[in-house]
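Just below is one structure, and these are the notes that go with it.
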Amino acid sequence: MNKLIPNKRWPYLLGGALLLIAIGVVVSNRRSSLARQPIVLNAMLQQMRSDPAPWMVAERDVSILLLDMQKNNVAGVALAPSGMFVSTRLGQKYFVGDNAGKLSALVLTSYEKAGAAAFPLAVVGEDIRSANGWHMDMGLLLTVCLLSALGTQAVRVYRGNGFKFSKNDSVVTFDDVIGAAEAKSALMDIKSYLKDPKGFTALGARPPKGVLLSGPPGTGKTRLAKALAGECNVHFIPATGGDFTAMFVGLGAMRVKSLFRKARKNAPCIVFIDEMDGVGRRTTTDTGGTSEAEGNRIINQILAEIDGFNSSSGVIVIGATNFPDAVDPALLREGRFDRKIQLTLPDLADREALFRLFAKEVKTGGELSCPQLARLTTGLTPAAIAYVVNHAALISARQGQTDVPMANFIEAIEVCRMGEVNGSASALTEGERERVAVHEAGHAIIAQVLNVGRVEKVTILSRGGALGVTLVTQTEDKQLHLKSELQHRIQMLLAGRAAELITYNDASSGAASDLKEASKLALSMVATLGLSDSGTLFSLDALTALNIKPDTTTAVAEAESTLTTQNERCLATLRELRGALVELTEKLVERETIDGEEVAQAISNARAANKNLEGASREAA
Ligand code: ZN
């Protein structure tokens, strides 16, 4: 499978693969069972191929199917990835959805009980032509059904080919989209084109045809596209890349056609295709099989539609993807999706504005410090911030509060970043609890001393997968990181284990994820960032880019030495501030959670004590 295909789609693709296997097996058996093919099933499949609508519009629940089976009313059933197409002896047609594949198994069981051929049954996959009209042997059927049952779990439900469009149902404008200033200004000429396509072309300007919005999930690509439609007061026709992938050959291309037909009818308008990468890639080899051929057909159809726009048609296609590299290159050429706009994560000011916007939707209690909330949410998307606000309200509801105080927002952020507080803390022994306190105190002290960020909170309450958490936030969003800053980060990561070593003279397994993180950081410093102590500037990425397998021995050795150096520095600092370590550990064991100021206080206490001690020893000398 193409390695560019994003991870999150694998269940979908796996489902598809299973179905294709199923179809392959069946086709090979086609000849032998051809003679037994029931006419009714053949006709039914033929009709389904030309127009599945009569089945799709009549969705029934399982009880109807079971009743029909009991009464021997079923004339034929086609098992599709999304469910069953049923025809009755009375000429009724209906569809029974089967997301979990349980129904296929159920039908199969009663089929088996009833003996041979209770009613004609066929499996249809993405290619109905190869599934057209055969009656299967029971053993084979079992295989197919099992595969199909597995496949249905992951394959999208077939929902006909209607593309709904909206105009003014919920008007969003650029003002409602916080941040994304670059993206908005990049869309300005498209706005002027959509507002007056003819005027635009009268100037002799070549209008844009397609825009590709890319960026991490949750950065508001859909919202931005909607806002553009709202700004221009034009129709917005949404679709998803996956909508075109149909279980019937040719249907995908037909859906593309129907989508653009609708677009032309409603011009000026915006056609929004989400998950553009899901449209697939064209392949040049013939060996790909039907699904690849189908992918080619869909993309070719999209290309034909876009190429066919004339300059005043007033249709703009906006594609959105989290994986711009996975979009077929043919789609990105001049005159197609030739405008690429990258959406980035919101910065500090944007996050503050987002909190102000979303907080209006909940009843906040007391003063809300949006700057602090923004600081705590570095790296979160607008969608995640919306989640935080909503979760804060949920916490209030859970606790029976009448409004949402600031504390709930902070709790919601922690849930979002580190997971819910879980009960496993109670399972720790007293000794383990103290060790976790020592470990976290170590992280907190080094983070504070080296100014890695702002220490917001230290807790030995287990959250998510961690036994304790030291929450360190960045006071600004940094795009560049200095070598010294990265070294400090490594020290902070190693500090938990170092504190345990100093206190107990023995390390524990609790530092596994810290070590993994620190090793990753050290390795990228020496292998790709040119930030090693030895001064090597060679980047291993260059080798991977050229498909040369890199020899990582030297890089790993250098990363190791980086870790050792930083670990020694970290140990030295912690030994010097042993007093702070003891103080913070005691507080954590007693109160479970302490805030950043207490960490700073403990450090200055320890430093003052050291100074007194120095003075005393000098006097004594
Ligand atoms: Zn740790």
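Can you tell me which residues in the range 447-480 are within 16 Å of the ligand (Cβ to nearest atom) and either polar (S, T, N, Q) or surrounded by fewer than 16 Cβ atoms within 10 Å (Cβ to Cβ) (or both)?
The answer is 448, 459, 462, 464, 465, 470.
Looking at 384, 393, 397, can you tell me which residue is open to solvent by 40 Å² or more (accessible area, probe 1.4 Å) and either in contact with a strand residue (DSSP E or B) (Cβ under 8 Å, 6 or more places away or on another chain) or in a helix (DSSP H, G or I) (or both)?
397
Looking at (1) at pLDDT 85 or above; (2) open to solvent by less than 40 Å² (accessible area, probe 1.4 Å), can you tell me which one residue 349 breaks?
Against the list (1) at pLDDT 85 or above; (2) open to solvent by less than 40 Å² (accessible area, probe 1.4 Å), residue 349 comes up short only on (2).
Report, ordered by the first and then the second residue, all pairs with beta carbons closer than 7 Å, sequence separation of six or more or different chains, a first member in the range 430-454 that is in the same structural domain as residue 510 (by TED's automatic domain parsing) and under 25 Å from residue 482 (Cα atoms), and a second member that is more than 12 Å from the ligand (Cβ to nearest atom) and of a type in the set (Gly, Ala, Ser).
What qualifies is 445/580; 447/453; 448/600; 454/596.
Can you pull out the residues in the range 517-527 that are in contact (Cβ under 8 Å) with a residue 24 or more places away in the chain and either on the phi > 0 side of the Ramachandran plot or more than 12 Å from the ligand (Cβ to nearest atom) (or both)?
Correct list: 519, 521, 522, 523, 525, 526, 527.
Within the range 365-375, which residues are open to solvent by 10 Å² or more (accessible area, probe 1.4 Å) and on the phi < 0 side of the Ramachandran plot?
Matches in the range 365-375: 365, 367, 368, 369, 371, 372, 375.
Okay, residues lined up against (1) buried (at least 16 other Cβ atoms within 10 Å of the Cβ); (2) among the basic types (Lys, Arg); (3) outside the structural domain of residue 53 (by TED's automatic domain parsing):
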position: 195; (1), (2), (3): no, yes, yes
position: 209; (1), (2), (3): yes, yes, yes
position: 229; (1), (2), (3): yes, no, yes
position: 260; (1), (2), (3): yes, no, yes
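Evaluate the range 531-542: report whether one residue or more is in the same structural domain as residue 441 (by TED's automatic domain parsing), more than 16 Å from the ligand (Cβ to nearest atom) and in contact with a Gly (Cβ under 6 Å, 6 or more places away or on another chain).
Yes.
Scan the range 517-526 and give yes if some residue there is open to solvent by 20 Å² or more (accessible area, probe 1.4 Å), modelled with pLDDT of 85 or more and touching a Gly at 6+ places or on another chain (Cβ under 9 Å), otherwise no.
No, the conditions are met nowhere in the range 517-526.
Any idea which of 58, 80 is over 31 Å from the mean Cα position of the chain (by Cα) and at pLDDT below 75?
58 is the lone residue from the list that is over 31 Å from the mean Cα position of the chain (by Cα) and at pLDDT below 75.
Can you confirm whether residue 438 is under 20 Å from residue 592 (Cα atoms), part of a helix (DSSP H, G or I) and within 14 Å of the ligand (Cβ to nearest atom)?
yes
Every residue, every condition in (1) free of Cβ contacts under 8 Å to residues at least 24 places away in the same chain; (2) surrounded by 13 or more Cβ atoms within 10 Å (Cβ to Cβ), yes or no:
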{"residue": "564", "(1), (2)": "yes, no"}
{"residue": "582", "(1), (2)": "yes, yes"}
{"residue": "589", "(1), (2)": "no, yes"}
{"residue": "593", "(1), (2)": "no, yes"}
{"residue": "608", "(1), (2)": "yes, no"}
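In the range 610-619, which residues are more than 55 Å from the chain's Cα centre (by Cα) and either basic (Lys, Arg) or open to solvent by less than 60 Å² (accessible area, probe 1.4 Å) (or both)?
Matches in the range 610-619: 615, 616, 618.
Residues are listed down the side, and each one gets a yes or a no for (1) within 33 Å of the chain's Cα centre (by Cα); (2) within 15 Å of the ligand (Cβ to nearest atom):
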residue: 445; (1), (2): no, yes
residue: 489; (1), (2): yes, yes
residue: 506; (1), (2): no, no
residue: 511; (1), (2): yes, yes
residue: 515; (1), (2): yes, yes
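The values are calculated or read from the model by the stated rules, or taken from the named source; none is laboratory data. This is a predicted model, so every value here is computed, not measured. All Cβ positions, even for glycine, are placed from backbone atoms using ideal geometry, and neighbour counts span all protein chains on display. SASA here: full protein model, heavy atoms, side chains in, ligands and nucleic acids out. Shrake-Rupley method; radii C 1.70, N 1.55, O 1.52, S 1.80 Å.
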